[in-house]
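Everything below concerns the one structure shown next.
The values are calculated or read from the model by the stated rules, or taken from the named source; none is laboratory data. Worth saying up front: this structure is predicted, and the values here are computed from it rather than measured. Note: accessible area is taken over every heavy atom of the protein model, side chains too, but ligands, DNA and RNA are not part of it. Shrake-Rupley method; radii C 1.70, N 1.55, O 1.52, S 1.80 Å.
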Amino acid sequence: MTQGSTGRFFVIEGIDGCGKSTQVERLVAQQGWLATREPGGTELGATIRGLILHGSEAPTPLAEALLMAADRAHQVATVIRPALESGTTVLCDRYAGSTVAYQGWGHQGDLDQISAINAIATGGLLPNRTILLDVPVDVALGRRGSDPDRLEALDTSFHERVRAGYLAQAAEDRDRWTVVDGTDSLAEVSAAVDRALGL
Ligand code: TYD
């Protein structure tokens, strides 16, 4: 984080249908933090989100990673860093770990290239803590809505790779990532998330 910033930066990650949105809504209502999401947390980002998830032409995996990065670079510069610098705690629904998991592991892109793209997009801004809400793919599938976006509609093996990509990131960086079992009851998941965030 940049020198002089006082807000904390928290991120929630996981496969589609893991229950992130419920936790983000709860935490923001309880704590009054600033909630953001990727892709799509800014006006420009909402346009990028539409292009990636609902456009008529599927981007190549590299183009997809670069579009996610463009969304991230813009949101980090215009929303997240200014908020942190003014002392606001920010909770982001997805961040750089999603690009590693989806475009790296899911689409089997070049992980070094994705890491370089993430470094450019974030300018080195790392979350103080990332919560991985981990659920098996079949559980997540059962929770998803009936109108999947382009990535949600990909096959089970894609989502298995994404899940493995998340677990690998969490295992590599235990100082910054906490894995929470998302199959527990809502009360238990919420308590585990709160503990991980020091609440
Ligand atoms: P999300 O907002 O969690 O979906 P929903 O609104 O349906 O809950 O995420 C949108 C999709 O974008 C999700 O399938 C994951 C994908 N994604 C990536 O593939 N790479 C990224 O870097 C990010 C941030 C998201």
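Annotation: segment 143-184 has a Kirkwood hydrodynamic radius of 12.1 angstrom, from the mean reciprocal C-alpha pair distance. The HN-Hα couplings worked out from phi for segment 22-34 by the Karplus form 6.51 cos²θ - 1.76 cosθ + 1.60 (θ = phi - 60°) are 4, 5, 4, 4, 4, 5, 5, 5, 7, 9, x, 6, 8 Hz, whole numbers, x standing for Gly and Pro. Amide H contacts under 5 Å for TRP177: THR130, restricted to partners 5 or more places along the chain or on a different chain, H placed in the peptide plane at 1.01 Å from N.
For segment 54-196, the carbon plus sulfur part of the accessible surface works out to 53%, probe radius 1.4 Å.
Kirkwood radius, segment 9-61, all distinct C-alpha pairs, inverse of mean reciprocal distance: 12.8 Å.
In the chain, the calculated helix contribution to ellipticity at 222 nm averages -14000 deg cm²/dmol per residue, counting -39,500 (n - 2.57) for every DSSP H run with n ≥ 4. Taking all protein chains into account, the per residue accessible area for the chain stands at 46 Å² (1.4 Å probe). Across q = 0.23, 0.31 Å⁻¹, segment 40-80 modelled as identical point scatterers on its alpha-carbon atoms has Debye log10 I(q)/I(0) values of -0.68, -1.03, in the order of the q list. The 3J(HN,Hα) values that the Karplus relation (6.51, -1.76, 1.60; θ = phi - 60°) gives for segment 185-198 are, in residue order, 5, 4, 5, 5, 4, 4, 5, 5, 5, 4, 4, 5, 8, x Hz. Gly and Pro appear as x.
Taking 1.567 mPa s as the viscosity and 4 °C as the temperature, the Stokes-Einstein diffusion coefficient of segment 42-106 based on its alpha-carbon Kirkwood radius rounds to 102 µm²/s.
Equivalent-ellipsoid semi-axes for segment 61-156 (Cα gyration tensor, √(5λ), whole Å, largest first): 25, 18, 12. A Cα-only calculation for the chain places Rg and Dmax at 15.8, 45 Å.
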